């Protein structure tokens with residue numbers, strides 16, 4: 001049976017957001033999970049073919065002016081029409097590094113993925129306020145849950 005593929009598209013412009021993206025990847029590649037290939041891409045590098053090759057997706061973004069990062073929006077702008085009708089029901093998870101409450105950011109992403117007919121596997125993980133090291137634990141748990149869900153055939 002071919003391995004399942006998890007794509008992580010993470011906007012990580014700072015040392016702390018890079019730690020979060022690495023934590024998601026670390027969780028997804030935990031040695032206890034077999035049969036899942038994980039690929040981490042920056043939004044500027046990810047394209048339609050990356051998404052089509054994936055079985056599930058984790059999107060990571062910063063909260064910028066109560067909205068998703070421009071690079072994440074650019075990823076959606078470049079891929080949206082190439083993905084419409086091609087990955088309906090695709091399981092995804094979202095994490096947001098938020099200075100505020102992340103509400104506008106989550107709504108912006110949710111509007112787009114609703115048009116793509118993707119399926120959220122959990123509510124957005126909003127990491128808000130001053131940076132704390134436990135954010136990395138939560139991000140790692142998210143990556144592990146996504147990979148374990150793929151491995152088990154839950155989604």
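Between 85, 108, 47, 104, which is in contact with a helix residue (DSSP H, G or I) (Cβ under 7 Å, 6 or more places away or on another chain) and either over 19 Å from residue 142 (Cα atoms) or at pLDDT below 95 (or both)? First the steps, then the outcome.
Values: 85 fails: in contact with a helix residue (DSSP H, G or I) (Cβ under 7 Å, 6 or more places away or on another chain); 108 fails: in contact with a helix residue (DSSP H, G or I) (Cβ under 7 Å, 6 or more places away or on another chain); 104 fails: in contact with a helix residue (DSSP H, G or I) (Cβ under 7 Å, 6 or more places away or on another chain).
Residue meeting the stated conditions: 47.
Summed over the stretch 117-134, the residues that are more than 15 Å from the chain's Cα centre (by Cα) and surrounded by 13 or more Cβ atoms within 10 Å (Cβ to Cβ) give a count of 3.
Among the residues of the stretch 69-86, how many are crowded, with 22+ Cβ neighbours inside 10 Å and in a loop (DSSP other than H, G, I, E, B)? Write out each step before concluding.
Our first condition is that a residue be crowded, with 22+ Cβ neighbours inside 10 Å; within the stretch 69-86, this holds for 69, 72, 75, 79.
Still in the list and also in a loop (DSSP other than H, G, I, E, B): 69.
Adding up the residues that qualify gives 1.
Within the stretch 26-35, can you find the residues that are in contact with a strand residue (DSSP E or B) (Cβ under 8 Å, 6 or more places away or on another chain) and either free of Cβ contacts under 8 Å to residues at least 24 places away in the same chain or buried (at least 21 other Cβ atoms within 10 Å of the Cβ) (or both)? Before you say what the answer is, go through the steps one by one.
First pass over the stretch 26-35, keeping only residues in contact with a strand residue (DSSP E or B) (Cβ under 8 Å, 6 or more places away or on another chain): 28-29, 35.
Answer for the stretch 26-35, where residues must be in contact with a strand residue (DSSP E or B) (Cβ under 8 Å, 6 or more places away or on another chain) and either free of Cβ contacts under 8 Å to residues at least 24 places away in the same chain or buried (at least 21 other Cβ atoms within 10 Å of the Cβ) (or both): just 28.
Residues in the stretch 129-155 that are without any contact (Cβ under 8 Å) to a residue 12 or more places away in the chain and at positive phi: 153 only. Taking the conditions (1) farther than 19 Å from residue 5 by Cα; (2) out of contact with any helix residue (DSSP H, G or I) (no Cβ under 6 Å at 6 or more places or on another chain); (3) outside any loop (DSSP other than H, G, I, E, B) in turn, residue 145 satisfies each one other than (1).
Considering only the stretch 37-68, state which residues are assigned to a loop (DSSP other than H, G, I, E, B) and over 13 Å from the mean Cα position of the chain (by Cα). Once the filter is applied, which keeps residues that are assigned to a loop (DSSP other than H, G, I, E, B) and over 13 Å from the mean Cα position of the chain (by Cα), the stretch 37-68 yields 44, 45, 47, 53, 65, 66.
The values are calculated or read from the model by the stated rules, or taken from the named source; none is laboratory data. Since this is a predicted model, take the numbers as computed values, not measurements. Every residue, glycine as well, gets a Cβ built from its backbone with ideal geometry; the counts of neighbours run over all protein chains shown.
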